[in-house]
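**Q** Provided herewith is a single structure, encoded as structure tokens, for subsequent inquiry.
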Amino acid sequence: MRIRMLRGRMALTLALAVLCTIGGTAAAQSGKQQAKTVQNVKLTFDDKGYVVTPSTVVKGVPVRMTVDLDTVKGCMRTVVIDAFNVKQTVKAGATTIEFTPTKTGPIQIVCGMNMGKGQFTVVEPAKQ
Ligand SMILES: [Cu+2]
């Protein structure tokens, strides 16, 4: 009888320990995600087309793209990212484009006339 009660208590303690571990991990993960709420990238233009720096972003995390008006000129200031329904014309004082990547893979950027082709890559979030 005494042994049975002892076992029951041990099982309860074990269950509590497991629950605490799971809770702690979840809290740590959400803390990490909150710290990274926006991915900042730069959009420039070279002799080949659009260039995104850094060229890789993570799926599901909002991207804030700042367009460099010194290299992105004329019709190239209408930036089209079809994959994420982006079509935005930037100008002085309004140089940021915001979107959240919803799928992975190579993503194409073009101007409103389908020129200046460049690309960046979206990857899955790193596993914890
Ligand atoms: Cu164009």
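The values are calculated or read from the model by the stated rules, or taken from the named source; none is laboratory data. Fair warning: this is a prediction, and the values are worked out from it, not measured in the lab. Cβ atoms come from the backbone with ideal geometry, glycine included; neighbour counts cover every protein chain shown.
**Q** Taking K48, is it surrounded by 12 or more Cβ atoms within 10 Å (Cβ to Cβ) and at pLDDT 90 or above?
**A** No: the conditions fail for K48.
**Q** Which condition number does T95 fail, the rest of (1) modelled with pLDDT of 95 or more; (2) out of contact with any Leu (no Cβ under 7 Å at 6 or more places or on another chain) being met?
**A** The single condition T95 does not satisfy is (2).
**Q** Within segment 65-118, work out how many residues are part of a strand (DSSP E or B) and either within 13 Å of the chain's Cα centre (by Cα) or closer than 18 Å to N40 by Cβ (or both).
**A** Matching residues across segment 65-118 total 16.
**Q** On to the next question. Do the conditions hold for G74, that is, is it more than 19 Å from T121 (Cβ to Cβ) and surrounded by fewer than 16 Cβ atoms within 10 Å (Cβ to Cβ)?
**A** Yes: the conditions hold for G74.
**Q** Just to be sure before I move on: is I81 within 14 Å of the ligand (Cβ to nearest atom) and at pLDDT 95 or above in the structure I sent? Please lay out each step first, then the result.
**A** Details: within 14 Å of the ligand (Cβ to nearest atom): no; at pLDDT 95 or above: yes.
Spelling it out, it is not the case that I81 is within 14 Å of the ligand (Cβ to nearest atom) and at pLDDT 95 or above.
**Q** For segment 76-101, which residues satisfy the criterion of being basic (K, R) and touching a strand residue (DSSP E or B) at 6+ places or on another chain (Cβ under 9 Å)?
**A** R77, K87, listed by residue number.
**Q** If you scan segment 95-128, which residues turn out to be of a type in the set (S, T, N, Q), surrounded by 12 or more Cβ atoms within 10 Å (Cβ to Cβ) and within 16 Å of the ligand (Cβ to nearest atom)?
**A** Listed by number, the list holds a single entry, Q108.
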